[in-house]
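A.B. asks: Can you keep this structure in mind? I'll have questions shortly.
The values are calculated or read from the model by the stated rules, or taken from the named source; none is laboratory data. This is a predicted model, so every value here is computed, not measured. Reconstructed Cβ throughout: ideal geometry from the backbone, glycine too, with neighbour counts over all protein chains shown.
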2 protein chains.
Amino acid sequence: MLPPHLVSPRTLQRLPLYVSYLHSLPKDALYISSTEIAAQLGLHPVQVRKDLAAVGAQGRPRLGFEVQTLLRLLTTYLNGGTQHSAVLVGMGHLGRALAAHLGFAHYGFTIQAVFDNDQNLVGSRLAGYEVQKMENLVPLCQTLKPAVGIITVPAEEAQGVCDLLVQAGVRVIWNFAPTHLAVPKDVTVQDEDIAASLALITKQILGQQPSLVPISRKEESVRDGIL
Amino acid sequence: MLPPHLVSPRTLQRLPLYVSYLHSLPKDALYISSTEIAAQLGLHPVQVRKDLAAVGAQGRPRLGFEVQTLLRLLTTYLNGGTQHSAVLVGMGHLGRALAAHLGFAHYGFTIQAVFDNDQNLVGSRLAGYEVQKMENLVPLCQTLKPAVGIITVPAEEAQGVCDLLVQAGVRVIWNFAPTHLAVPKDVTVQDEDIAASLALITKQILGQQPSLVPISRKEESVRDGIL
DNA sequence: GGAATAACGATATTTAATTATCGATATATT
DNA sequence: AATATATCGATAATTAAATATCGTTATTCC
């Protein structure tokens, strides 16, 4: 019943994809098969079954998986049943987009405070949050104890902001600045590197790279049937 | 001399990381070793050497790799020596952030046109681009023939925009909307899924997932020495 | 009610990616 | 000039991920 304690990172990253696909299903759909999910998402049916098994889902022969049960399993697994707290530093366009987006609490995150060093922004309300001045960052974080610090400042300022967050006790950093951050080894940084994605895109354009979802000999016939 | 024609996706995604790290080096640094790069970026030295070898770099025993040569090899490999064209649809906060960001042409991309369906935005200049109305999308794309279509509209509108881009002949889609897009099989979609990243972040918080950069038995001593 | 079948779940195989090992080399040091 | 050593580059071993295979099951159709 309980999902195994170690789900591979690759599987983990696909889980939200299933959630979004399940949401797109007509309301009266009771069951969905791994075959169908795979065909729609361009994945391999066996991979889908393994991914779903990882969160403890079980299907029925000939029918597939119960949609609502599956959704529940996935979402509770993904946010661990609890809401996580975060602070966001840098209320430029990217920061505002993220703040508004994550504001949709169904991602399991709650933004507790947002910061910026622009005096014109400090004190104003953006995306529903009152922008705090940078001087408040360390003291506020020390009391709020956010689980994550989100960095959406220019590359040049990112390391400084990171240091402040670390100093304030934040141990997980989500870095959107296009630069590498040095942190103590008990702190983890997850880089959201657009350059890495661009690299893939570029190779897609040049057609020199294999597709991200490589088509195997066996699957070809299946995929041909999609469209 | 010429880089091998197939660089693995994982390697490809790390290349920009090396670029950014090399840029952060002091100007008078002539050589850099894979050992040092690995230590700073939290990677394995062998992996770094293999990655660099993939773009044709060669180092010197005891010294490492010539910084400037390495940078040149990486950047020319990454953008294939040419500039790529793109159009961007959706000039909300995310769209503006991307437009401004990619405007820095050193990513090898040129944004040819930006679109939005908000009449208040159409005609205005944002991030240096004059916002076009949606009606212009298909005809403009047919003449401009952009290599990539970037989608930064709300999830509900993404499929419609995607269909228009496909109709206009765009064959590579970079999708920032949190939804899965259905496309003909000669079109590739790269999803920039924030939910997938969030999934990793959440597991980081819960401490249930292995680190993204797992620490091997052998490397532990090296990493301990970083800080 | 019985046969046909679509889909599951478990196991095995294959492929990709990472990490380890080690000889060769060129620089620095004595 | 000789020696010690840091680093490379190549190959081998390991680990992780994806895909294939196949027996089982429960539904549907006859």
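A.B. asks: Out of A:167, A:159, report the one residue that is in contact with a helix residue (DSSP H, G or I) (Cβ under 8 Å, 6 or more places away or on another chain), more than 7 Å from every other protein chain (Cβ to nearest Cβ) and either more than 25 Å from residue A:96 (Cα to Cα) or modelled with pLDDT of 95 or more (or both).
C.D. replies: Every option except A:167 fails the conditions.
A.B. asks: Among the residues of region B:24-52, write down those that are among the polar types (S, T, N, Q) and more than 8 Å from DNA strand D (Cβ to nearest atom).
C.D. replies: Taking region B:24-52 first, the residues among the polar types (S, T, N, Q) are B:24, B:33-35, B:40, B:47.
Within region B:24-52, B:24, B:40, B:47 qualify.
A.B. asks: Hand me the list of strands (runs of 3 or more DSSP E) wholly inside region B:103-179 holding 3 or more residues that are in contact (Cβ under 8 Å) with a residue 40 or more places away in the chain and surrounded by 13 or more Cβ atoms within 10 Å (Cβ to Cβ). Outline the logic, then answer.
C.D. replies: Details: elements: B:109-116, B:129-133, B:148-151, B:172-175.
Per the criteria, B:148-151.
A.B. asks: Can residue B:14 be described as under 20 Å from the mean Cα position of the chain (by Cα), part of a helix (DSSP H, G or I), touching a residue at least 24 places away in the same chain (Cβ under 8 Å) and near DNA strand C (Cβ under 9 Å from one of its atoms)? Explain how you work it out, then say what you get.
C.D. replies: Details: under 20 Å from the mean Cα position of the chain (by Cα): yes; part of a helix (DSSP H, G or I): yes; touching a residue at least 24 places away in the same chain (Cβ under 8 Å): yes; near DNA strand C (Cβ under 9 Å from one of its atoms): yes.
So residue B:14 passes the test.
A.B. asks: If residue A:86 satisfies every condition in (1) more than 11 Å from DNA strand C (Cβ to nearest atom); (2) over 28 Å from residue B:190 (Cβ atoms); (3) surrounded by 16 or more Cβ atoms within 10 Å (Cβ to Cβ) but one, which is the exception?
C.D. replies: (2)
A.B. asks: Taking region B:73-88 as the search range and keeping residues that are at pLDDT 95 or above and within 16 Å of DNA strand D (Cβ to nearest atom), which one is farthest from the other protein chains (Cβ to nearest Cβ)?
C.D. replies: Per the criteria, the residue is B:73.
For (1) in contact with a helix residue (DSSP H, G or I) (Cβ under 7 Å, 6 or more places away or on another chain); (2) modelled with pLDDT under 95; (3) more than 14 Å from every other protein chain (Cβ to nearest Cβ), each residue gets a yes or a no:
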residue: A:22; (1), (2), (3): yes, no, no
residue: A:30; (1), (2), (3): yes, no, yes
residue: A:33; (1), (2), (3): no, no, yes
residue: A:38; (1), (2), (3): yes, no, no
residue: A:43; (1), (2), (3): no, no, no
residue: A:46; (1), (2), (3): no, no, yes
residue: A:53; (1), (2), (3): no, no, yes
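A.B. asks: So, of the residues in region B:17-36 that are more than 13 Å from DNA strand C (Cβ to nearest atom) and either assigned by TED's automatic domain parsing to the domain that holds residue B:108 or part of a helix (DSSP H, G or I) (or both), which turns out to be surrounded by the fewest Cβ atoms within 10 Å (Cβ to Cβ)?
C.D. replies: That would be B:23.
A.B. asks: Here is a check on your reading of the model: is residue A:9 at the interface with chain B (Cβ under 10 Å from one of its Cβ atoms), closer than 26 Å to residue A:111 by Cα and more than 12 Å from DNA strand D (Cβ to nearest atom)?
C.D. replies: Details: at the interface with chain B (Cβ under 10 Å from one of its Cβ atoms): yes; closer than 26 Å to residue A:111 by Cα: yes; more than 12 Å from DNA strand D (Cβ to nearest atom): no.
It is false that residue A:9 is at the interface with chain B (Cβ under 10 Å from one of its Cβ atoms), closer than 26 Å to residue A:111 by Cα and more than 12 Å from DNA strand D (Cβ to nearest atom).
A.B. asks: Looking only at residues that are more than 16 Å from DNA strand C (Cβ to nearest atom) and surrounded by fewer than 17 Cβ atoms within 10 Å (Cβ to Cβ) in region A:196-214, which one is modelled with the lowest pLDDT?
C.D. replies: Across region A:196-214, the extreme among qualifying residues is A:207.
A.B. asks: Please work out if residue B:65 is touching a helix residue (DSSP H, G or I) at 6+ places or on another chain (Cβ under 7 Å) and in the same structural domain as residue B:172 (by TED's automatic domain parsing).
C.D. replies: No, not satisfied.
A.B. asks: Being among the small types (Gly, Ala, Ser), within 21 Å of the chain's Cα centre (by Cα) and part of a helix (DSSP H, G or I) narrows it down to one of A:95, A:81, so name that one. Steps first, please.
C.D. replies: Values: A:81 fails: part of a helix (DSSP H, G or I).
Step by step, each of A:95, A:81 is checked, and only A:95 is among the small types (Gly, Ala, Ser), within 21 Å of the chain's Cα centre (by Cα) and part of a helix (DSSP H, G or I).
A.B. asks: What about residue B:88, is it assigned to a helix (DSSP H, G or I), aliphatic (A, V, I, L, M) and in contact (Cβ under 8 Å) with a residue 24 or more places away in the chain?
C.D. replies: Taking the combined requirement at face value, the residue does not satisfy it.
A.B. asks: Quick one: in region B:40-70, of everything that is more than 13 Å from DNA strand C (Cβ to nearest atom) and in a helix (DSSP H, G or I), which residue is nearest to the chain's Cα centre (by Cα)?
C.D. replies: B:70
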